[in-house]
Amino acid sequence: MLSDFGHLFMIMALSSAVYALFASFLGLYRKSTELVLSAERAAIATTAFITLAIVALEQALLSSDFRYEYVASYTNRALPAFFKFTALWAGQAGSLLFWAWILVLYIMVMLVTYRKRLQADMPFVLGILMGIVIFFLSLTTFVTNPFELLPQPVPDGRGLNPLLQHWAMVIHPPILYLGYVGFAIPFAFALGALMRGKTGNEWVKNVRRWTIVPWFFLGIGILLGGKWAYMELGWGGYWAWDPVENAAFMPWLTGTAFLHSIIIQEKKDMLKIWNIVLIFLTFALSIFGTFLTRSGVISSVHSFTQSSIGPLFLGFVVFILVSSFGFLFLRIDRLKSKARLESIVSRESAFLINNVVFVGACFAVFWGTVFPVVSEAVRGVKITVGPPFFNAVNVPIFLFLLFLTGVGPLVAWRKSSPQYLKRLFLWPTVAMVGTYIVLFAIGVRHQYALLSFALGVFVTATIVAEYHRGAMARMKKFGEGYLKAVVNLTLKNKRRYGGYIVHFAMVLIFFGVAGSAFDTEIEANLKKGESVKIGHYEVIYEGYFTGQDANKQWLRTDLALKRDGKLVKKIHPQRHFYLAQEQPTTEVAVYSTLLSDFYVVLVGVDDKTEAASFKIYLKPLVMLVWLGGLVLVFGTIICLLPDERRGEKNERKFGTPAKEVTAVHE
């Protein structure tokens, strides 16, 4: 069987990776094109061997080969094949191998894209990336081997954690890993530029899309994790400031700051040092997140048990920071920019403030996450930091960021006159104030929710106004219809207008989160035929059923959901009991509309009376969180579309309306 060679494949992959690293830098030292080319071929061989190891592990998982400790720990015979396949990333050893595989796939795409265009840079970048690959392969080969054999094969395995047997957890980890791992590419370009002594803006131009891609995957991964928590944990929420949630959120915050900050470097040749610091921190936080997940130093529903691998990750984080910042200090004199901020009321200033606030939010999340560990080390008592701390600190910060989302992209470079600001922001400000007054008048008193809705309307108004101005300019120049003008405007400046769509996605997410201020919750114990009301809804309990398959037992209740006296849906909250793990789970029932979610958790059923106990939530605007995620996907795709350089050049030649649209910005 192929799985018998799994560990051998990993050893061969590690050997190829070590050769690729040394051949890259030795080829640079000797100025040997042949050595550099052999390093690239070794990287290809590394990818092939890791892929074979992945296939071998999947074969063992799908065939229930219980000779292997990993297979016995995370699958059993009754587990559906679909979840056997995804058990690859369910455990520590498999997920680390999976991580290494994603990284080498990124490297292959990078080589195909740049090996001819950036021949002088590739040896530096490839050598750095293969060093990261070596770290992960060393762990899976010598420390936590997914092909470790049991002393004696077992007849059946322990099975997959029931909480992971959900569709969102099938795709959530791979997407999250695509985010974590992808930040290695811009990190390697930045460090490679320092090692090479090239401190201009070339590396920034090369990594913009390479940063958007992992930023996008990390953001979508975070949202999918929220969807899993919402549907599987049965507590009515989707974000709890859990340490592992925070571990993914922190590099997303600094990555967002970096994406905004490099615009200033490209346009104004400023913030060179700051941008390198940001990408170094982003990648270090990605590795630190893995340390939090796998070290066992924190308590989390997501984390693995205590293991010896944690200190190795922490040491790797320290090595990354010391080595990368060491090269930064060596080149710091070359990175200093002569350009300076000319006005506090300028786009440069707005983006800089945006950066500082993003990093401040990241630090607040970081401190709240590690404080229990620090307190235990210093005082011997682990002090828990919960949602009240994170909300008190971060909600004002994120509201300010929402405001900057509307202001930053519109103010002019260098300096903005009062007349210009009035022309841009008068009506959005009127809309914002009007929204606040109307909501207050109809009885909304939650200040953070009021500010969220008002600021969200402000940002939306600025985006709509920008699109409208651009569309009107195109209509005047080309005689296009309004809708066609909007589409062409977006396609001719994908980076700007795709960014506006992403900003609108954030507005929708803010609206959805603000809706949680108005959640309603009740508990009900109902006999068959009884009902309870919440908001405009009435739910009638119609009975329960039980059943069993090879994997689990289930208890299902049937509820009739009515709104204003009319039946809208039959819903079925359940409880499952997984036989192999002897563990119960809650399967919630949700009826979703754009305005609210009707969310039911089955607590239990009394066998004697057949009465059932429920927790019932009415949760306004939750759908906007997931809708914001879809809009985020659309906006990011727009940003990543290739530029039509020839068409844009022709438009500039014959007088593009974009000149009229962007004149006030430049």
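Of all residues in the range 339-368 being aromatic (F, W, Y) and surrounded by 21 or more Cβ atoms within 10 Å (Cβ to Cβ), which is modelled with the highest pLDDT? Steps first, please.
Quick first cut of the range 339-368, residues aromatic (F, W, Y) only: 351, 358, 363, 366-367.
Narrowing the set further to residues that are surrounded by 21 or more Cβ atoms within 10 Å (Cβ to Cβ) leaves 351, 358.
Details: F351: 87, F358: 95.
This residue is F358.
So in the range 1-10, with the set limited to residues that are closer than 18 Å to W99 by Cβ and of a type in the set (A, V, I, L, M, F, W, C), which one is nearest to the chain's Cα centre (by Cα)?
Across the range 1-10, the extreme among qualifying residues is M10.
Only one of these is among the polar types (S, T, N, Q), closer than 28 Å to L508 by Cα and out of contact with any Cys (no Cβ under 7 Å at 6 or more places or on another chain): T609, T557, T593, T586. Name it.
Only one candidate qualifies: T593.
From K492, K484, K477, which residue is surrounded by fewer than 22 Cβ atoms within 10 Å (Cβ to Cβ), basic (K, R) and within 29 Å of the chain's Cα centre (by Cα)? Can you show your working first?
Working: K484 fails: within 29 Å of the chain's Cα centre (by Cα); K477 fails: within 29 Å of the chain's Cα centre (by Cα).
Exactly one of K492, K484, K477 is surrounded by fewer than 22 Cβ atoms within 10 Å (Cβ to Cβ), basic (K, R) and within 29 Å of the chain's Cα centre (by Cα), namely K492.
Would you mind stating whether L62 is free of Cβ contacts under 8 Å to residues at least 24 places away in the same chain and either among the acidic types (D, E) or over 19 Å from F135 (Cβ atoms) (or both)?
Details: free of Cβ contacts under 8 Å to residues at least 24 places away in the same chain: yes; either among the acidic types (D, E) or over 19 Å from F135 (Cβ atoms) (or both): yes.
Answer is yes for this residue.
Tell me which residues, restricted to the range 142-189, are in a helix (DSSP H, G or I), in the same structural domain as L105 (by TED's automatic domain parsing) and among the aromatic types (F, W, Y).
The one that is in a helix (DSSP H, G or I), in the same structural domain as L105 (by TED's automatic domain parsing) and among the aromatic types (F, W, Y): F142.
How many residues does the range 46-79 hold that are of a type outside the set (A, V, I, L, M, F, W, C), surrounded by 17 or more Cβ atoms within 10 Å (Cβ to Cβ) and part of a helix (DSSP H, G or I)?
Of the residues in the range 46-79, 7 are of a type outside the set (A, V, I, L, M, F, W, C), surrounded by 17 or more Cβ atoms within 10 Å (Cβ to Cβ) and part of a helix (DSSP H, G or I).
Which pairs have Cβ atoms under 9 Å, sit 6 or more apart or on different chains, and link a residue in the range 100-124 that is under 18 Å from F25 (Cα atoms) to one that is acidic (D, E) and surrounded by fewer than 17 Cβ atoms within 10 Å (Cβ to Cβ)?
Final answer for the pair search is L118/E202; D121/E202.
Quick one: which of K566, K619, K570, K615 is buried (at least 20 other Cβ atoms within 10 Å of the Cβ) and among the basic types (K, R)?
K619
How many of the residues in the range 519-533 are touching a residue at least 60 places away in the same chain (Cβ under 8 Å) and surrounded by fewer than 16 Cβ atoms within 10 Å (Cβ to Cβ)?
Residues in the range 519-533 being touching a residue at least 60 places away in the same chain (Cβ under 8 Å) and surrounded by fewer than 16 Cβ atoms within 10 Å (Cβ to Cβ): 7 in total.
When you scan the range 177-202, how many residues do you find that are under 29 Å from K227 (Cβ atoms), buried (at least 22 other Cβ atoms within 10 Å of the Cβ) and of a type in the set (A, V, I, L, M)?
3
Only one of these is of a type outside the set (V, I, T) and within 28 Å of A449 (Cβ to Cβ): Y537, Y541, Y578. Name it.
Of Y537, Y541, Y578, the one residue that is of a type outside the set (V, I, T) and within 28 Å of A449 (Cβ to Cβ) is Y537.
Does the range 501-509 include one or more residues that are under 27 Å from the mean Cα position of the chain (by Cα) and farther than 24 Å from I263 by Cβ?
No, there is no match, as no residue in the range 501-509 is under 27 Å from the mean Cα position of the chain (by Cα) and farther than 24 Å from I263 by Cβ.
Which count do you get for residues in the range 591-634 that are in a loop (DSSP other than H, G, I, E, B) and of a type in the set (V, I, T)? Quick ask: steps written out before the conclusion?
Our first condition is that a residue be in a loop (DSSP other than H, G, I, E, B); within the range 591-634, this holds for 593-595, 606-611, 621.
Narrowing the set further to residues that are of a type in the set (V, I, T) leaves 593, 609.
Looking only at that region, the number is 2.
Read through the list (1) out of contact with any helix residue (DSSP H, G or I) (no Cβ under 8 Å at 6 or more places or on another chain); (2) aromatic (F, W, Y); (3) over 27 Å from I107 (Cβ atoms), then give the number of the only condition that F82 fails.
Failing condition for F82: (1).
Within the range 127-158, work out how many residues are in contact with a Ser or Thr (Cβ under 7 Å, 6 or more places away or on another chain) and farther than 23 Å from I309 by Cβ.
Counting residues in the range 127-158 that are in contact with a Ser or Thr (Cβ under 7 Å, 6 or more places away or on another chain) and farther than 23 Å from I309 by Cβ gives 1.
Do we find that F5 is within 21 Å of P146 (Cα to Cα), in contact (Cβ under 8 Å) with a residue 24 or more places away in the chain and either in the same structural domain as P155 (by TED's automatic domain parsing) or surrounded by 22 or more Cβ atoms within 10 Å (Cβ to Cβ) (or both) in this structure?
On the way: within 21 Å of P146 (Cα to Cα): yes; in contact (Cβ under 8 Å) with a residue 24 or more places away in the chain: yes; either in the same structural domain as P155 (by TED's automatic domain parsing) or surrounded by 22 or more Cβ atoms within 10 Å (Cβ to Cβ) (or both): yes.
So F5 fits the description; yes.
For V322, which of the numbered conditions (1) more than 25 Å from G200 (Cα to Cα); (2) at pLDDT 90 or above; (3) of a type in the set (V, I, T) fails to hold?
Of (1) more than 25 Å from G200 (Cα to Cα); (2) at pLDDT 90 or above; (3) of a type in the set (V, I, T), only one is false for V322: (1).
The values are calculated or read from the model by the stated rules, or taken from the named source; none is laboratory data. Predicted model, so just to flag it, every value in this text is computed and none were measured. Heads up, the Cβs are rebuilt from the backbone with ideal geometry, glycines too, and the neighbour counts pull from every protein chain shown.
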